[in-house]
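Report on one structure; see the data block that follows.
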Amino acid sequence: MHYNRNAPASDTSPTALSRATEALSDRGAFRTLRVALEEVDISVRHRPSGKSDLTCIMLHGFGDGGFVWNRFATQLPPSFGACMPDLRGHGLTSWDAEGVYDITVHTSDMAALLPALNANRVVLIGHSLGGTVALRLCELLGEQLAGLVLVDCAPNLDSASREKIYGDFRLGDRRFASPQDYAAWLADHRPLLSQDMCLEFAQAALIQTEAGDYRRRCDPTMANAGRGLSEDMDRVLATLRRLRCQVLLVRGKVSGVLNRRTLHEMAAAGGTPVEGKMAGHAVMADNLDGFANAVLPFLADIAAEPARSTER
């Protein structure tokens, strides 16, 4: 998976990745913030931009959390700003009192969060549901939008695909004896994740209950969200056609969510398609090396560009 054939390969050996994960906190520039909005408090891991005026806002998928971007964030140039929020109902962000978790609500939250980040030029990087939210944000950002990366984001999910996603989420709605117990569960259900990544996700995804066991930091009522996972294909294509910024479309080669035909239909509307070998739906976790080799040169190209209008 390459955006630029001349891009240098990243060192993603287990030892190097372990060091990178530890460096996320050691670098000192990342902070976890809570931003109070009208209806919800958003938790976001944030690093302001340095010499670059770019901020990468990374939006996770359904049932995950901002932690899925932690390892990739360590590979971003220190001059780039980085923002990894937990969507409503996920992670450390508060739950919706009425259990409303649709695309409109998530988009409204992220749009309200943006002013608190003091970002100049924004690159949106969204996985799955996060990609759908990113597409909606593109309609609002105008000239502030410098680039878009959609990671295995599939429009028009059919009922079988939606039920598979919700069904997998419900399977994890249980108590676990320990983070290691959850890591073993992840390894069974997401076999492309490394053992190291499973353990890291388990540490970030769980909260200990008063009984001493563990559960995920997710509102279980999200599984009742109905059709709120994907966007209408016509709206997606119309948005991609309007954008003048660079767009990267990433698909896991063995993804069961985004098929190759849809990927190329989206690319024809506007975007560069790439496929990640040894990766399923969660490309940035299944194959961090390949994901970084595609996305980092893409971001470098954007950083070298002057600011410009992003809509035709």
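When residues of the range 177-220 are filtered for being over 23 Å from residue 70 (Cα atoms) and surrounded by 15 or more Cβ atoms within 10 Å (Cβ to Cβ), how many remain? I'd like the intermediate steps shown before the answer.
As a first pass, look at the range 177-220 and keep what is over 23 Å from residue 70 (Cα atoms): 177, 209-213, 220.
Now restrict to residues that are surrounded by 15 or more Cβ atoms within 10 Å (Cβ to Cβ): 220.
The number of residues fulfilling the criteria is 1.
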Count of residues meeting criterion [buried (at least 17 other Cβ atoms within 10 Å of the Cβ), touching a strand residue (DSSP E or B) at 6+ places or on another chain (Cβ under 8 Å) and either part of a helix (DSSP H, G or I) or among the acidic types (Asp, Glu) (or both)] in the range 130-146: 9
So how many residues does the range 72-94 have that are touching a Cys at 6+ places or on another chain (Cβ under 9 Å), under 20 Å from residue 34 (Cβ atoms) and either among the small types (Gly, Ala, Ser) or outside any strand (DSSP E or B) (or both)? 5
Members of the range 258-292 found to be part of a loop (DSSP other than H, G, I, E, B) and either among the aliphatic types (A, V, I, L, M) or in contact with a Leu (Cβ under 8 Å, 6 or more places away or on another chain) (or both), listed by number: 258, 271, 278, 279, 280, 281, 282, 287
Checklist (1) in contact with a Pro (Cβ under 9 Å, 6 or more places away or on another chain); (2) surrounded by fewer than 24 Cβ atoms within 10 Å (Cβ to Cβ) applied to residue 104, failing item: (1)
Check whether at least one residue in the range 103-120 is closer than 22 Å to residue 205 by Cα and assigned to a loop (DSSP other than H, G, I, E, B), and report yes or no. no
Test for residue 299: is it part of a strand (DSSP E or B), in contact with a strand residue (DSSP E or B) (Cβ under 7 Å, 6 or more places away or on another chain) and among the aliphatic types (A, V, I, L, M): no
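Which of the residues belonging to the range 44-71 are charged (D, E, K, R) and in a helix (DSSP H, G or I)? Give the derivation first.
First, pick out the residues of the range 44-71 that are charged (D, E, K, R): 45, 47, 51, 53, 64, 71.
The answer is 71, and nothing else.
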Do you know which residues across the range 271-280 are under 15 Å from residue 197 (Cα atoms) and not aliphatic (A, V, I, L, M)? 280
All positions within the range 268-299 that are farther than 27 Å from residue 163 by Cβ, surrounded by 17 or more Cβ atoms within 10 Å (Cβ to Cβ) and either of a type in the set (A, V, I, L, M, F, W, C) or touching a Pro at 6+ places or on another chain (Cβ under 6 Å) (or both): 269, 274, 288, 291, 292, 294, 295, 296, 298, 299
Pull out all pairs, ordered by first then second residue, where Cβ-Cβ is under 8 Å, the residues are six or more apart or on different chains, the first lies in the range 288-300 and is among the polar types (S, T, N, Q), and the second is crowded, with 21+ Cβ neighbours inside 10 Å. 293/1
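Considering only the range 238-263, state which residues are surrounded by fewer than 16 Cβ atoms within 10 Å (Cβ to Cβ) and more than 18 Å from the chain's Cα centre (by Cα).
So the first thing to find is which residues in the range 238-263 are surrounded by fewer than 16 Cβ atoms within 10 Å (Cβ to Cβ), and the list is 238, 241-242, 244, 254, 256, 259-261.
Listed by number, the residues that qualify are 238, 241, 242, 244, 254, 259, 260, 261.
Residues in the range 85-98: is at least one under 16 Å from the mean Cα position of the chain (by Cα), aliphatic (A, V, I, L, M) and within 18 Å of residue 141 (Cβ to Cβ)? Write out each step before concluding.
Of the range 85-98, the ones under 16 Å from the mean Cα position of the chain (by Cα) are 85-93.
Subset that is aliphatic (A, V, I, L, M): 87, 92.
Keeping just the survivors that are within 18 Å of residue 141 (Cβ to Cβ) gives 87.
Yes.
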Filter the range 115-129 for residues that are surrounded by fewer than 19 Cβ atoms within 10 Å (Cβ to Cβ) and touching a strand residue (DSSP E or B) at 6+ places or on another chain (Cβ under 9 Å); the one that is nearest to residue 305 (Cα to Cα) is 120
Among the strands (runs of 3 or more DSSP E) contained in the range 147-257, which hold 2 or more residues that are over 22 Å from residue 92 (Cα atoms)? 246-252
Considering only residues that are small (Gly, Ala, Ser), touching a helix residue (DSSP H, G or I) at 6+ places or on another chain (Cβ under 9 Å) and touching a residue at least 60 places away in the same chain (Cβ under 8 Å), look in the range 98-141 and name the one that is nearest to residue 87 (Cα to Cα). 130
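Since every read-out is calculated from the coordinates, none of them should be taken as a lab result. None of the values given here were measured: they were computed from a predicted structure. Don't worry about glycine lacking a Cβ; one is built from the backbone with ideal geometry, like all the others, and counts go over all protein chains shown.
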